Amino acid sequence: MTNSWTDIKNTDLVIVMGGNAAEAHPCGFKWVTEAKAHRGAKLIVVDPRYNRTASVSDYYAPIRPGSDIVFLMGMIRWMIENDKVQWEYVRNYTNASFLVKDEFGWSDGLFTGYDEEKRDYDKSSWDYKMGEDGFVQTDPTLQDPRCVWNLLKAHVDAYTPEFVERICGTPKDKFLHIAEMIGECSSPTKTMTSMYALGWTQHSKGAQNIRGMAMLQLILGNIGVRGGGMNALRGHSNIQGLTDIGLMSNLIPGYLNIPTEKEADWATYMSTRGFKPIVPGQISYWQNYSKFMVSFMKAMWGDAATAENDWAYHYLPKLDVPAYDGMRMFELMNHGKVNLYFCQGFNPILSFPNRGKMTEAFSKLKMLVVMDPLTTETSHFWQNHGIHNDVDTAAIQTEVLELPTTCFAEDEGALVNSGRWLQWHWAGATPPGEAKHDTWIMAQIFLRVKKLYQDEGGVFPDPILNLTWDYADPNEPMPDELAREMNGRALATVYDPKDPTKVLAEAGQQLSSFGHYRDDGSTMGGCWIYAGSWTKDGNMMARRDNTDPDDTGMFQNWAFSWPANRRILYNAASCDPQGKPWDPSRKIIEWTGEKWEGYDVPDMPVTAKPGETLPFIMNPEGASRLFSRGMMRDGPFPTHMEPFEAPIANVFNPRMRGNPVARVFESTADQFAAIGDPEFPFVATSYRLTEHFHYWTKHNPVNAALQPEFFVEISEELAAERGIERGGRVRVWSKRGEVWAKAVVTKRLRPMQIDGKTVHVIGIPLHWGFVGAAKKGFGPNSLTSQVGDANVETPEFKAFMVNIEPSAEEPVA
Amino acid sequence: MNIDLSRRGFLRLAGAGVAATSLGAMGFGEAEAAEQAHVRAFKLATTTETRNTCPYCSVACGIIMYSKGDVKAGETAELIHIEGDADHPTNRGTLCPKGAALKDFVKAPTRLTKPRYRAAGASEFQDITWDEALDKIARAMKDDRDANFIQTNEAGVPVNRWTTTGFLAASATTNETAWLTYKTVRSMGIVGFDNQARV
């Protein structure tokens, strides 16, 4: 989230699209209720299903799963056509006036540079025209036909309200009604917030869905303001933290990158990370990359990382592919190329797509290690459970170790909520039986492997033998020690570069800010964005002061919010170019004539002048991007792409399948239903229920009683068409698998008219498996395909094609 | 203000106050004694209170856990009740149908209590000690790493990656667990590293 849960109370309009917050985030959704009750805010829901959020909305419109870009580009078109633009914001704080290379263009659904063979774009034309001075060329009058604004206007021209109705199935009058509601928020004193979740990310073009809304929010001037923002409602309690700390194939904590093998040495790696400003006078904060990176290397390898050995650069692995993400690893596993696999608090047999392939893949492992508070389907993947897990146990040669871990109640440490608050929690219960903390288990694994290398030698033991491990009890590093290590500390005295007599931190002292990180080896810090969370004054994450002066919703002294305890990102954009709030009643910070001050930590050097220093300080432009250059694989603007399985072909280009640059594995390329395949006529989508959390609460007898049994949701019309009774048993199948379920026949889903065809949507909730307290059932992953988002490989769970029929009898396994 | 007053202490005080004033003031001295003789002591008054956050979604509602026994004092502590933390700015004491049933998640019948091992082809798990399990894992890792670690690519560039072992990290472990996991996995050169952000 750019903003926080408590900030939602400051909004005038909430749009929930790509999520179902009332159901999946109920206690956060209370802030929508608060805004409605006390500000008169309105709530719009756009979703394939009249869901629980829709039931308390002011206005609802249906949309076909996987067509969101069309809706959003249609919205942008309408705003431009009807002059619902926060012009001063757009002119000053976005790249609207930047000129783009003449070679850049779009036709037939594709941008310039497409290579069908490689399924990739040559993105060289997707960039600005640069002047000889090294700065981007602009036309502040927005007259130049090659400026971003005019290219955007041309790009969205196809997305008329009629086109939206044809592709999304959203009736034109409903679309226009929503456009008018949203258009009001182009006023500098009205603001809209976007709340979305996996309904937008789990598509082969998920990142472009989010870009679409972010662009709309910029056009309305709603980024950086109270009650505005792009608010990703993260699904799990610390998935924000796990991502911040870089537990992904290609990440280093704080959103730094693992090198690729093209970056053969430190100098090459750093050469593309200079982040020189391309607009005069801008901050381009990533210019500090080397400080964050060197401090990370020092946190990892201490004295073994020196300037002479390029900070132990070769201790880091180098990637030969963009990432060894989950889906790639399971594909490699299926080819017999993975021997050993660990699952820490993760149940991939139900969470990753294409269950049949997943089971095959796991069956090829030599050893699987599962660490979890609960027993899981993954740790039992080899056990036969009839139709619910129909495997040949004796033939599966995988050894499995199931290790009991503690859960939250028995553990201490910080979790990062969706609003980037790091909140500390304490243990209040004794772990059951022999269950152990994950930290103890990881330490045991590490120390035992290290000992084997010490005793036996072996291949490249250096990064293992030299890993910093200076914990009081090496067998069980404590949460406070680990938190301090992530925050960072001075290794030598750190001086103020502006005043070399001024000491910022003595050697050994915790750093108070990432502004004190250095790239000369004098500081260490595991995760730069967490700097300030554990300073010399102690644990800032444990703060519990819930005062909130003037009821702004900031709660500055509650816990710690990264970065720098800032509650609203880009908050300098809440002020006009003179440094005064667009809306004085919703002030966050303001320019006093000498410095920035206010309720939140300014997202700007405190003495940087407004109008000169632009508020998007992480970007070399200083401005936000309506045109994202070559930063995304599938285009600098979002363009309509059908899901890989869809009831109709892409009307821009019938030959185009799904996202034209999304990765498709050869082994499953034939596992997609054909476009408009009569065998798979119905669109399916997955979702959560409020009574359950993922695959966890089916272990809880209370939640298992609240929602005991797997079901699928269908319209009355589809039930009639297929002869399905209310509560009857049905079989649902895709090109990849089948499930059996109860049929819930409802008015919440209605058939849609898509490009002249009647299209039915089937809803498939995701909470059942074959272990736990609930009845045995299935997850949607038995049906879904292995294709993911072209930029980040989030699997396409939210739009795929299935068939359904009544199933009178319990099938025999 | 900083909220340090324990809820349990507050309730104990408030409860005693109500009993003393309402009955005593009305002149029911004997009735008061009789009343006190049969009223059960407030259950939470004898518990240890711990602040925590809900482990499910990313709203991260504040919760208060009530236990018999004090973990901090080195005692065995049994969780007996969980409720919403009214001091927490986000949830202000409320919990959803999942959070309200949290205690029964902690005490789920399918919680794991000891390490188990499934041998190749076996139809059941068998118990294994922690030492045996961890030694087995370390041995398997060392052998696989030594056999399959890629030190240089065809061009002779040091790449130092290990692709035949993978690690899926969680979504609800603490930052501190995440960091220790990161250090362990990265130091060994594992690149098949992912978390639950996408699913």
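The values are calculated or read from the model by the stated rules, or taken from the named source; none is laboratory data. Just so you know, these numbers come straight off a predicted model, no measurement behind them. Here the Cβ positions follow ideal geometry from the backbone for every residue, glycine too, while neighbour counts run over all protein chains shown.
Please go through segment A:102-115 and give me each residue that is in contact (Cβ under 8 Å) with a residue 40 or more places away in the chain and either of a type in the set (Val, Ile, Thr) or assigned to a loop (DSSP other than H, G, I, E, B) (or both), ordered by number. Selection gives A:Asp102, A:Phe104, A:Asp108, A:Gly109. Of note, A:Val136 satisfies the criterion of being of a type outside the set (D, E, K, R), over 29 Å from the mean Cα position of the chain (by Cα), modelled with pLDDT of 95 or more and buried (at least 22 other Cβ atoms within 10 Å of the Cβ). When segment A:425-440 is limited to residues that are out of contact with any Phe, Trp or Tyr (no Cβ under 9 Å at 6 or more places or on another chain) and surrounded by 24 or more Cβ atoms within 10 Å (Cβ to Cβ), the one that is farthest from the other protein chains (Cβ to nearest Cβ) turns out to be A:His437.
If you go through segment A:448-457 one residue at a time, do you hit one that is closer than 30 Å to A:Ser194 by Cα and basic (Lys, Arg)? Reasoning before the result, please.
Step one: of segment A:448-457, the residues closer than 30 Å to A:Ser194 by Cα are none.
Within segment A:448-457, not a single residue is closer than 30 Å to A:Ser194 by Cα and basic (Lys, Arg).
Which of the residues spanning segment A:332-348 are away from chain B (no Cβ under 11 Å) and either under 26 Å from the mean Cα position of the chain (by Cα) or not polar (S, T, N, Q) (or both)? Passing the criteria: only A:His335. Of the strands (runs of 3 or more DSSP E) contained entirely in segment B:94-188, those carrying at least 2 residues that are within 7 Å of chain A (Cβ to nearest Cβ) fall at B:116-118, B:158-168.
Being under 25 Å from A:His385 (Cβ atoms), not assigned by TED's automatic domain parsing to the domain that holds A:Gly66 and not in a helix (DSSP H, G or I) narrows it down to one of A:Val745, A:Val792, A:Val730, so name that one. Give the derivation first.
Values: A:Val745 fails: under 25 Å from A:His385 (Cβ atoms); A:Val792 fails: under 25 Å from A:His385 (Cβ atoms).
Testing whether each residue is under 25 Å from A:His385 (Cβ atoms), not assigned by TED's automatic domain parsing to the domain that holds A:Gly66 and not in a helix (DSSP H, G or I) leaves just A:Val730.
Evaluating A:Gly413 against the criteria (1) within 20 Å of B:Lys72 (Cβ to Cβ); (2) out of contact with any strand residue (DSSP E or B) (no Cβ under 6 Å at 6 or more places or on another chain); (3) surrounded by 23 or more Cβ atoms within 10 Å (Cβ to Cβ); (4) without any contact (Cβ under 8 Å) to a residue 60 or more places away in the chain leaves one unmet condition, (4). Taking segment B:68-93 as the range and being surrounded by 17 or more Cβ atoms within 10 Å (Cβ to Cβ), assigned to a loop (DSSP other than H, G, I, E, B) and either facing chain A (nearest Cβ under 7 Å) or within 17 Å of the chain's Cα centre (by Cα) (or both) as the test, the residues that pass are B:Gly69, B:Val71, B:Ala77, B:Asp85, B:Asp87, B:Pro89, B:Thr90, B:Asn91.
Which residues, taken from segment B:124-141, are under 30 Å from A:His692 (Cα atoms) and out of contact with any Phe, Trp or Tyr (no Cβ under 8 Å at 6 or more places or on another chain)?
Start the filter on segment B:124-141 by keeping residues that are under 30 Å from A:His692 (Cα atoms), which leaves B:124-125.
Answer for segment B:124-141, where residues must be under 30 Å from A:His692 (Cα atoms) and out of contact with any Phe, Trp or Tyr (no Cβ under 8 Å at 6 or more places or on another chain): just B:Glu124.
Considering each residue of segment A:68-75 in turn, at least one proves to be buried (at least 20 other Cβ atoms within 10 Å of the Cβ), farther than 30 Å from A:Pro322 by Cβ and among the aliphatic types (A, V, I, L, M).
Quick one: would you say A:Glu377 is among the acidic types (Asp, Glu), assigned to a loop (DSSP other than H, G, I, E, B), farther than 30 Å from A:Leu569 by Cα and more than 7 Å from chain B (Cβ to nearest Cβ)? Here the answer is yes, as A:Glu377 does meet what is asked.
Could you tell me which residue of segment A:524-553 is nearest to the other protein chains (Cβ to nearest Cβ), considering only residues that are assigned to a loop (DSSP other than H, G, I, E, B) and in contact with a strand residue (DSSP E or B) (Cβ under 8 Å, 6 or more places away or on another chain)? Show your work before the answer.
The first filter runs over segment A:524-553 and keeps only residues assigned to a loop (DSSP other than H, G, I, E, B), leaving A:525-527, A:531-533, A:536-537, A:543, A:546-548, A:552-553.
Now restrict to residues that are in contact with a strand residue (DSSP E or B) (Cβ under 8 Å, 6 or more places away or on another chain): A:525, A:532-533, A:536, A:543, A:546.
Values: A:Gly525: 11, A:Gly532: 14, A:Ser533: 9, A:Lys536: 19, A:Arg543: 9, A:Asn546: 5 Å.
Looking at residues that are assigned to a loop (DSSP other than H, G, I, E, B) and in contact with a strand residue (DSSP E or B) (Cβ under 8 Å, 6 or more places away or on another chain), I get A:Asn546.
Would you check if A:Ala705 is within 14 Å of chain B (Cβ to nearest Cβ), surrounded by fewer than 18 Cβ atoms within 10 Å (Cβ to Cβ) and of a type in the set (Gly, Ala, Ser)? Quick ask: steps written out before the conclusion?
Values: within 14 Å of chain B (Cβ to nearest Cβ): yes; surrounded by fewer than 18 Cβ atoms within 10 Å (Cβ to Cβ): yes; of a type in the set (Gly, Ala, Ser): yes.
It is true that A:Ala705 is within 14 Å of chain B (Cβ to nearest Cβ), surrounded by fewer than 18 Cβ atoms within 10 Å (Cβ to Cβ) and of a type in the set (Gly, Ala, Ser).
Which residues, counting only those in segment A:231-242, are within 20 Å of A:Ile568 (Cβ to Cβ) and not in a loop (DSSP other than H, G, I, E, B)?
The first filter runs over segment A:231-242 and keeps only residues within 20 Å of A:Ile568 (Cβ to Cβ), leaving A:231-234, A:240-241.
Those that are within 20 Å of A:Ile568 (Cβ to Cβ) and not in a loop (DSSP other than H, G, I, E, B): A:Asn231, A:Ala232, A:Gln240, A:Gly241.
Every residue, every condition in (1) within 17 Å of the chain's Cα centre (by Cα); (2) surrounded by fewer than 24 Cβ atoms within 10 Å (Cβ to Cβ), yes or no:
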position	(1), (2)
A:Glu184	no, yes
A:Thr189	no, yes
A:Met192	no, no
A:Gln202	yes, no
A:Ala207	yes, yes
A:Leu220	no, no
A:Ile223	no, no
A:Met230	yes, yes
A:Leu233	yes, no
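Screening segment B:39-66 for residues that are over 18 Å from A:Ala429 (Cα atoms) and among the small types (Gly, Ala, Ser) and picking the one that is farthest from the other protein chains (Cβ to nearest Cβ) gives B:Ala41. Candidates A:Ala414, A:Ala429: the one that is closer than 30 Å to A:His516 by Cβ, of a type in the set (Gly, Ala, Ser) and either at pLDDT 95 or above or assigned to a helix (DSSP H, G or I) (or both) is A:Ala414. Filtered by the rule that a residue be within 19 Å of B:Phe167 (Cβ to Cβ) and among the charged types (D, E, K, R), segment A:335-376 gives A:Lys337, A:Lys364, A:Lys366, A:Asp372.
Which residue out of A:Ala312, A:Ala323, A:Ala307 is over 22 Å from B:Gly156 (Cα atoms) and either in contact (Cβ under 8 Å) with a residue 60 or more places away in the chain or part of a helix (DSSP H, G or I) (or both)? Step through it out loud before you land on a result.
Values: A:Ala312 fails: over 22 Å from B:Gly156 (Cα atoms); A:Ala323 fails: over 22 Å from B:Gly156 (Cα atoms).
Going through A:Ala312, A:Ala323, A:Ala307 in turn, just one is over 22 Å from B:Gly156 (Cα atoms) and either in contact (Cβ under 8 Å) with a residue 60 or more places away in the chain or part of a helix (DSSP H, G or I) (or both): A:Ala307.
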